[in-house]
Amino acid sequence: MLGIAKIAGIQAAKKTSDLVPLAHQINLSNIKINFEIKEKEKIILCVSEVISNGKTGVEIEAILATQISLLTIYDMCKYIDKSMIISEVKLLLKEGGKTGVYKAP
């Protein structure tokens, strides 16, 4: 299941310019999506890392990859529990581009 969610996230990152109005098409050099399952808390954490050698940031691609990965998990598991919540999706770290480094507090 997580493998399918990872593929969905990678596809989403690659299709960001088709899905988000006014987003540029960016050549991506690497996309990594990792999941951490916390069974006790019944939580799946998803962290997406998107890398480009271009001059613009890829934070939208990373956030979209995370959202679509989690949405795919929801879709595949909704028969078990429709009350699942996708929450706290945020930018953790951005390096490069015009604005330089951003690290979430």
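Residues in the range 1-36 that are without any contact (Cβ under 8 Å) to a residue 12 or more places away in the chain and touching a strand residue (DSSP E or B) at 6+ places or on another chain (Cβ under 6 Å): 1 in all. The set of residues from the range 8-39 being basic (Lys, Arg) and either farther than 18 Å from Ser87 by Cβ or modelled with pLDDT under 95 (or both) comprises Lys14, Lys15, Lys32. The helices (runs of 4 or more DSSP H) falling completely within the chain that include 2 or more residues that are of a type in the set (A, V, I, L, M, F, W, C) map to 2-14, 59-77. Select from the range 24-37 the residues that are of a type outside the set (D, E, K, R) and surrounded by fewer than 15 Cβ atoms within 10 Å (Cβ to Cβ) and write down the one among them that is nearest to Ile4 (Cα to Cα). Out of the qualifying residues, it is Asn34. Can you find even one residue in the range 39-54 that is among the acidic types (Asp, Glu) and closer than 24 Å to Gly100 by Cα? Within the range 39-54 (the criterion being among the acidic types (Asp, Glu) and closer than 24 Å to Gly100 by Cα), the answer is yes, since at least one residue qualifies. Pairing residues of the range 84-102 that are under 14 Å from Ser48 (Cβ atoms) with residues that are of a type outside the set (Lys, Arg) and exposed (fewer than 10 other Cβ atoms within 10 Å of the Cβ), at Cβ distances under 9 Å and at least 6 apart in sequence or on separate chains, gives Lys90/Ala104; Leu91/Ala104; Leu92/Ala104; Leu93/Val101; Leu93/Ala104; Lys94/Gly100; Lys94/Val101. When the range 38-81 is limited to residues that are over 16 Å from the mean Cα position of the chain (by Cα) and in contact (Cβ under 8 Å) with a residue 12 or more places away in the chain, the one that is farthest from Ile7 (Cα to Cα) turns out to be Lys55.
The values are calculated or read from the model by the stated rules, or taken from the named source; none is laboratory data. Bear in mind that the values here come from a model prediction, so they are computed numbers and not experimental data. Positions of Cβ are backbone-derived with ideal geometry, glycine not excepted, and every protein chain shown enters the neighbour counts.
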